[in-house]
């Protein structure tokens, strides 16, 4: 007679969940605008989109896509293009990121913002850490609807001359709180914490 447990061996232990330390850099910005983001490998790609929006202070008004080789992931409900796969069905673990040099996040196709995403390190999940978490960065993100990369660079030059017509116009549009050199990690992490819920 064969016992119920005979021949099954010991159940395999599930490996601990990993985290990715990602470096996100807005392509073409000078001086560089970047963030370092710690995320779970189980995170949905759509949640990474939400996190990118938060850390660059964008408002998700426009279309987006993640580009990995010849694959594009985004929200097909907001696009007529059937070549975009649904980013709500794919986790970071599904993308084999540790074997990829980088991939792109494209936002607001009319203005052409691109964020290069690189995996800097793969680490194990730390107890007590809230994910996602922004652990580094420099400078404020380009403002939503500022006109694209060239217009952003023009804006930065204009606000250095606040007494000119263009300088005053940009500063009025940006509001009194905009500081192009500021990257407030505490504020970003408070906003990311709301995503985690």
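The values are calculated or read from the model by the stated rules, or taken from the named source; none is laboratory data. Please read all numbers here as calculations on a predicted model, not as lab measurements. Every residue, glycine among them, receives a Cβ derived from its backbone with ideal geometry; neighbour counts consider all protein chains shown.
Between 115, 90, which is surrounded by 14 or more Cβ atoms within 10 Å (Cβ to Cβ), under 15 Å from residue 26 (Cβ atoms), touching a helix residue (DSSP H, G or I) at 6+ places or on another chain (Cβ under 7 Å) and modelled with pLDDT of 90 or more?
Values: 90 fails: under 15 Å from residue 26 (Cβ atoms).
Going through 115, 90 in turn, just one is surrounded by 14 or more Cβ atoms within 10 Å (Cβ to Cβ), under 15 Å from residue 26 (Cβ atoms), touching a helix residue (DSSP H, G or I) at 6+ places or on another chain (Cβ under 7 Å) and modelled with pLDDT of 90 or more: 115.
From the list 98, 172, 150, 120, which residue is touching a residue at least 24 places away in the same chain (Cβ under 8 Å), loosely packed, with under 15 Cβ neighbours inside 10 Å and assigned to a helix (DSSP H, G or I)?
Details: 172 fails: touching a residue at least 24 places away in the same chain (Cβ under 8 Å); 150 fails: touching a residue at least 24 places away in the same chain (Cβ under 8 Å); 120 fails: assigned to a helix (DSSP H, G or I).
Just a single option satisfies the conditions, and that option is 98.
Assigned to a strand (DSSP E or B) and either under 18 Å from the mean Cα position of the chain (by Cα) or touching a residue at least 60 places away in the same chain (Cβ under 8 Å) (or both): does that describe residue 111? Spell out how you get there, then give the answer.
Working: assigned to a strand (DSSP E or B): no; either under 18 Å from the mean Cα position of the chain (by Cα) or touching a residue at least 60 places away in the same chain (Cβ under 8 Å) (or both): yes.
Answer is no for this residue.
Would you check which residues across the range 123-147 are modelled with pLDDT of 95 or more and in a strand (DSSP E or B) and list them?
133, 134, 135, 136, 137, 138, listed by residue number.
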